[in-house]
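Report on the following structure.
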Amino acid sequence: MASDHILLFLDFLQKEMLLFASLCFLIGAVDDLVFDGLWIFHRLKRKLFVYSRYERATVETLGKPAPDCRLAIFVPAWNEATVIGAMLERCLRQWRSSNYRIYVGCYPNDPATVSAVAFAAAGQENIRLVICNRNGPTTKADCLNHLWSALCQDEIEEQVKYSAVVLHDAEDLVHPQGLRLLEHLIGRAALVQLPVIPRRATGSRWVAGHYCDEFAELHGKQMVMREALGASIPSAGVGCAFARDALHKLSVRTNGKPFDAGSMTEDYELGINLTGEDSRGIFARMRDRHGQLVATQEFFPDRLEDAIRQKSRWIAGICLSGWDRLGWKSNWRENWMRLRDRKAGMAAIVLAIAYLAAILTGTLLLAELFGVYRLKPVPDLLKILLLVNAGSLIWRLVLKSCFVFALYGFREALLSMPRTIVANLINIMAAWRAMGHYVDQLTGRPVHWEKTCHFYPDRAHVQKLRHHQSADERN
């Protein structure tokens, strides 16, 4: 019968898909286990030989920065009227002891955002409104280049020199000691990156929550090990400081535009290009005297379509365009880190195949339950691979939940395990969309600013977040 042939083919396809996915997962598991082992060794070494002899420093114990250390904070803003005012007000309130100026880039066809920035800047010398010369949205990099031009103009007119350029987004919740830590470290590196702590909207436990899981591990383990291995440090685009001299050298080679408007992930590429080899990058993971991690907090997308759009840009820019634009180096540690950055796109494809194999398995089991078909036995090799990958999956889920627990507490640590399925589905859909972005870029279509909608919590919510973090962040 034709149905028997169809079921026989589906049985064969199911086992082939399982075998392919299992082999790919095994390769990824070996890579992750080696990386995890190095991180555990690094953590134990510091605990036994460093922190056993020296007391952990806090940001308050750091020496005072040089009096001429000036920081320029760049905030690109397109359609950010609802959040930019509160963000600027918080910055002015939190950073009273630092020497800085905030450059906010707006567009002539976005009067609401211009008005919000102008209102916040009234009577404040620390805020400079910069209007781009074209209607928006252009690209985030283009807006940042306008801010760079304004900074260079101010340096000439005021006869001052800034030490670093700090990047922030319009919805960021800044830490009171964030600038002090950047001021202390920027003289030692081309890039200093602070941790990023995602906060989720109350009604988005699954979509926004999966960012919490990913960044807890990314900025709790992976970035720490990148610095320890001497590899380049990618910028997260927020809470990061670039040495002004390093940006100037780059701008000389790029006609005065250090931020690449042709890139979908200009912040990531800038960090990779400026650090590694002779130029150092620092991932600054330090706490204040209250035990709070000095980090940048922000609310990530809370809707599925927004998360897919954001993730697709990351995958297209880092995993696909990264091969063409950044290439590879002769340093094995650097190449290993770049490969880990770029494997997300392939991982999404493998995950899609694995989920299809799981659906086929369920279909065939139903057919066997109703007596329509009898499943072929699973080969021994495939059984072994499935068992090994199951053990690896349990290890990954437990380890990730430990990082989530350190930042968000026990409830979110438990939720991080089922949220993995949500994260996988988002990454699969984002990878499919990213392919379209990449094809557009190959055909010469200009990059445009695909930003997501942001919101900024009220003061009561901010106080709640601060209290929650102080209580939960204990390593």
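Averaging the sequence gap over all C-alpha pairs within less than 8 Å and six or more residues apart, then dividing by the number of residues, gives the chain a relative contact order of 20 percent. Packing, as the average of other Cβ atoms within 10 Å across residues, places the peptides 218-225, 414-421 in the order 218-225, 414-421, highest first.
Under 13 Å from a point 7 Å along the Cα-to-Cβ line of Asn331: which residues of region 180-203 have their amide N that close? The answer is 190-191. The 3J(HN,Hα) values that the Karplus relation (6.51, -1.76, 1.60; θ = phi - 60°) gives for region 433-447 are, in residue order, 5, 5, 4, x, 4, 5, 4, 4, 5, 5, 8, x, 5, x, 6 Hz. Gly and Pro appear as x.
The calculated FRET efficiency for Tyr51 paired with Asp4, based on their beta-carbon distance and R0 = 51 Å, is about 0.15. Given the alternatives (1) 24.1, 87; (2) 22.0, 73; (3) 29.7, 105, Rg and Dmax of the Cα atoms in Å as computed for this entry is given by (1). Between the listed residues Gly37, Trp78, Leu92, the Cα displaced farthest toward the positive end of the dipole of region 20-100, a dipole computed from Cβ unit charges relative to the Cα centre, is found at Leu92. Applying the criteria of a DSSP loop state and at most 13 other Cβ atoms within 10 Å to the trypsin sites (Lys or Arg not before Pro) of region 115-164 yields Arg134, Lys161. For Thr275, the residues whose modelled amide H falls within less than 5 Å of its own, excluding neighbours fewer than 5 places apart on the same chain, are Ile233.
From a point 7 Å beyond the Cα of Ala406 in the direction of its Cβ, which residues of region 169-188 have a backbone N at a distance under 20 Å? Answer for region 169-188: 175, 178. Taken per residue, the accessible surface of region 99-207 reaches 37 Å², heavy atoms only and a 1.4 Å probe. Across the options Val174, Ser115, Val207, the greatest Cα extent toward the positive end of the charge dipole of region 88-228 (unit charges at beta carbon of Lys, Arg, Asp, Glu) belongs to Val207. Choose one of Asn273, Asn389, Gly345: the residue whose Cα lies farthest towards the positive end of the charge dipole of the chain (beta-carbon charges +1 Lys, Arg; -1 Asp, Glu; about the Cα centre). Checking the options against the dipole of the chain, the answer is Asn389.
Any of Lys161/Lys329; Lys161/Lys257; Lys221/Lys311; Lys45/Lys329 with alpha carbons more than 23 Å apart? Name them for me. Walk me through the numbers on the way to the answer.
On the way: Lys161/Lys329 34 Å; Lys161/Lys257 18 Å; Lys221/Lys311 21 Å; Lys45/Lys329 29 Å.
Pairs exceeding the cut-off: Lys161/Lys329; Lys45/Lys329.
Rounded to the nearest 20 debye, the dipole size of region 9-110 about its Cα centre is 840 debye, using +1 on the Cβ of Lys and Arg and -1 on the Cβ of Asp and Glu. Estimated purely from DSSP H runs of n ≥ 4, each contributing -39500 (n - 2.57), the mean residue ellipticity at 222 nm for the chain is -18500 deg cm²/dmol once divided by its residues. When only alpha carbons are used to place a centre, region 261-276 and region 376-416 end up 33 Å from one another. Estimated from the Cβ-Cβ distance and a Förster radius of 30 angstrom, the FRET efficiency linking Ala122 and Ser279 is about 0.15.
Angle check, please: helix 140-158 long axis (alpha carbons) against the longest principal axis of the chain (alpha carbons), in degrees 0 to 90, nearest 10. Taking Cα atoms only, the helix is inclined about 20 degrees. Surface composition of the chain: carbon and sulfur make up 62 percent of the accessible area, probe 1.4 Å.
If a/c stays under 1.5 just call it rounded; otherwise compare a/b with b/c (prolate if a/b is bigger, oblate if not). Do that for region 208-333, with a ≥ b ≥ c from the square roots of the Cα gyration tensor eigenvalues. Because a/c hits 1.5 or more and a/b fails to exceed b/c, region 208-333 counts as oblate.
Before I look further, what does region 342-388 give for accessible area per residue, probe 1.4 Å, in whole square angstrom?
Accessible area per residue: 64 Å².
A crude spin-label estimate for the pair Ser149 and Arg43, with each label 7 Å from Cα along the Cβ direction, gives 4.8 nm.
Taking a ≥ b ≥ c as the square roots of the Cα gyration tensor eigenvalues, with a/c under 1.5 meaning rounded and otherwise prolate when a/b beats b/c, else oblate, which class fits region 376-446? Taking the square roots of the gyration eigenvalues as a ≥ b ≥ c, region 376-446 is oblate. The charge dipole of the chain, taken about its Cα centre with unit charges on the Cβ of Lys, Arg, Asp and Glu (plus for the first two, minus for the last two), comes to roughly 1120 debye. Multiplying the residue separation of Gln94 and Arg253 by 0.36 nm and removing their Cα-Cα distance gives an extension gain of 53.6 nm. A straight Cα-to-Cα reach below 15 Å connects Lys383 with the aspartates and glutamates Glu16, residues fewer than 8 places away in its own chain not being considered.
Net length available on complete extension from Asp32 to Leu414 is 135.4 nm, with 0.36 nm assigned per residue and the Cα-Cα distance removed.
Look at the alpha carbon pairs under 8 Å that are at least 6 residues apart: their mean separation over the length of region 12-109 gives a relative contact order of 29 percent. Computing FRET efficiency as 1/(1 + (r/R0)^6) for Arg433 and Gln222, where r is the C-beta to C-beta distance and R0 is 25 Å, gives about 0.55.
The values are calculated or read from the model by the stated rules, or taken from the named source; none is laboratory data. These numbers were taken from a predicted model, which means no experiment stands behind them. Ideal geometry is used to build each Cβ from the backbone, glycine not excepted, and the neighbour counts take in all protein chains shown. To get the accessible areas, we keep the full protein, side chains included, count just its heavy atoms, and leave off ligands, DNA and RNA. Shrake-Rupley method; radii C 1.70, N 1.55, O 1.52, S 1.80 Å.
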